[in-house]
Every structure is written in structure tokens, then in C-alpha cells.
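Trainee: Structure provided below as C-alpha cells; questions to follow.
We did not get these values from a lab; they are worked out from the coordinates using the rules stated. All values reported here derive from a predicted model rather than from experimental measurement. Cβ placement follows ideal geometry from the backbone for every residue including glycine, while neighbour counts extend to all protein chains displayed.
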Amino acid sequence: MAELQKDPMTRGDFLGFGVLGTIVGALLTIPPAAFILGPVIDVNVRGESDVPDEWFRVGPISEVPAKEPKVFVVDFPVNQVYSEEQVIEEGVETERETVPNAVWTSWKEEADENGEAVHRIPEFVESGAQSPLTQEQIKEVERNLNVLSSSCAHLGCPVRWIVKEDGGEFLCPCHGGIYNINGDYVGGPPPRGMYRFTFEVREDANIYIKHEFDIGGEKGPQQPYVI
């Protein structure tokens, strides 16, 4: 009568190999995950960021039209989190790598008692702002100025200004997100209004921004993870 062959692997051996495989898989997964999530951890947990904490000139307030937005282009420094440090030979001058970003500026719009749109452009700007500006003038401009990112709050496509009979609107050509001139949400898939740059107006009558967004509330300024 034939004898049944005994299985060389016991149940305990099988479970042991399973545990070992799980440990090895975790060890192989953790480094890539940490590498990918590193910028998020640095910004949200450690409070650190590779985004330069610098101010960049946008343009003069006198160039912002009274009733429609104007787009400026600002070159932010390129500092990729995932790239290796570039080795530069001593004595060789190199230009700083930059990437152009579109910045939409406009005077805030509100409805008057008759429901008509009114743009809050300061009188001294309409008559021709002369530098140096006073602190009162600077505060008035900052209260009434929109400085918006061109990236749609949905998936980041660049928005366009579309002129209409009743004024106009920002439209995302990718998925149909709609915003008013103040960057407020009007319709479409975006979960919120347009992102607002942290900005300031200086005595030279120019607008300056940082590469961070003033998202309001308790969260405060928010910097991009990778530029």
C-alpha cells in the first residue's frame, strides 16, 4: 500500500514565510513612499519648505485697468524638491533657473444700491498715482486689489478672462470652472474660488508677491510643495 508523502512545509513555516514577506514588502515600500510624500511632510508637519521666501515684483498699480483684469508674468525660481543638487564648477557663472507664472490683477468689484457693478479703484490711482505712496494710500490699494493665481482651483489649468455683455468672467478651458473678477467661485467643478497670492504694495507704487497663497481662515499662507 502506497504511503502518503509528507508535506515538507508545516503550517508554522508557511505563516513564518508570510510574516517575513510582509516585513520585506514594507521595507521596500517605505523608502519610495517617504520620498514621494517628503515635500508634504516638510511643509505640513515640519513647517519647512523649499519654496524661496522672497518677494517678486509684479508691476505698477497704474497698469491695472479700471474695469477688467490685467495679467502679469512673474518668473519664480525653479527649485525642484526631487532633483539632485547641481554641481557648479568654481568660477563659472550660471543663470538662476526660473519658470514663468501668470498673475491676474484687478480692482475689486461690488454691487451698488441699484445692483450695478462698481470697481473699487482709488481716486488717486485714477488720476495718476505718484510715488512715493503714503501708508494710507498703500493700505487703500491693498484693501481694493485682487492678486490671483491663473491656475484653476480644480486641477490647475490656466484660466482665461472672457469678455461678456455684463462685464466678464474667468473661465477654465479644461473643465468649465467659472469665477468672477474677484476670483470668487461661480460655477463648474472647482471646490473653491481662485487662489490669492500673498502680496503687498510698496511706496514705489508697485505690487510685490511671494510664491505662496493666502487661502484665508486659520490655515494662513500656503506654499506650493514643488515649483
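Trainee: Can you tell me the length gained on complete extension of the stretch residue 117 to residue 165, counting 0.36 nm per residue apart and subtracting the Cα distance?
Mentor: Full-extension gain reported as 16.0 nm.
Trainee: Simple spin-label model, 7 Å along Cα-to-Cβ: residue 185 to residue 70 in nm?
Mentor: Label-label distance for residue 185 and residue 70, simple model: 3.1 nm.
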